[in-house]
């Protein structure tokens with residue numbers, strides 16, 4: 001029996017292309033993230049939480065499994081004229097670090113679909129700890145000094161270790177956590193949750209609490 005070799009090769013090529021094709025998010029998912037970004041842009045107090053690396057708010061579309069399929073803000077959120085401002089449009093693949101973090105967290109808790117990073121310092125840390133205590137939220141930390149030496153300085157290699165570190169300490173990925181200063185890395189806070197508006201509102205509450 002003869003096999004149509006060209007047809008088999010063509011099917012294989014199409015399959016490989018499909019594997020690497022970014023997920024096409026629904027417009028409702030893009031709009032959901034856009035609405036959450038708008039909440040942050042309307043909060044003047046949030047500028048105090050914008051770190052040197054800026055902020056990204058990400059959202060995992062239904063069925064997305066890879067970081068390049070995660071929705072994020074192209075250019076992140078920065079500060080313009082004293083207000084938070086998205087630097088570019090929302091698109092899949094716009095985020096690297098936050099997208100990889102949320103994707104890895106989802107391996108242990110599929111309910112996590114959104115995430116945001118913000119500034120860490122002692123004053124903010126005190127505010128966040130008080131906020132978590134008042135809201136009954138689990139609070140976690142990642143000690144970068146405990147990071148295995150073979151991972152230090154290696155690009156895109158530490159995220160799985162960070163998540164395992166949280167799981168070992170907290171038994172789960174907590175909704176609020178921070179990572180200490182690392183080799184060439186700014187210390188940061190992170191919020192994760194099921195939807196971007198919930199994460200954004202939590203960040204806004206922290207920002208307004210800090211301003212009191």
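Flag set for residue 105, criterion: buried (at least 19 other Cβ atoms within 10 Å of the Cβ), touching a residue at least 60 places away in the same chain (Cβ under 8 Å), in contact with a strand residue (DSSP E or B) (Cβ under 9 Å, 6 or more places away or on another chain) and within 19 Å of residue 66 (Cα to Cα). Of the residues making up region 32-55, those that are more than 25 Å from residue 122 (Cα to Cα) and either part of a helix (DSSP H, G or I) or at pLDDT below 95 (or both) number 8. Against the definition (on the phi < 0 side of the Ramachandran plot, assigned to a helix (DSSP H, G or I) and either surrounded by fewer than 23 Cβ atoms within 10 Å (Cβ to Cβ) or touching a helix residue (DSSP H, G or I) at 6+ places or on another chain (Cβ under 7 Å) (or both)), how does residue 29 come out, yes or no? When the stated conditions are applied, residue 29 passes them. Of all residues in region 186-197, those that are over 14 Å from residue 175 (Cα atoms) have Cβ atoms under 9 Å from Cβ atoms of residues that are in a helix (DSSP H, G or I) and modelled with pLDDT under 95, 6 or more apart or on another chain, in 187/144. Evaluated against (1) within 18 Å of residue 192 (Cβ to Cβ); (2) outside any strand (DSSP E or B), residue 72 falls short on exactly one condition, (2). Of the residues 144, 202, 113, the single one that is surrounded by 15 or more Cβ atoms within 10 Å (Cβ to Cβ) and farther than 24 Å from residue 71 by Cα is 144.
The values are calculated or read from the model by the stated rules, or taken from the named source; none is laboratory data. Everything numeric here is computed off the predicted structure, so don't read it as measured data. Note that each Cβ is placed from the backbone with ideal geometry, even for glycine, and that neighbours are counted across all protein chains shown.
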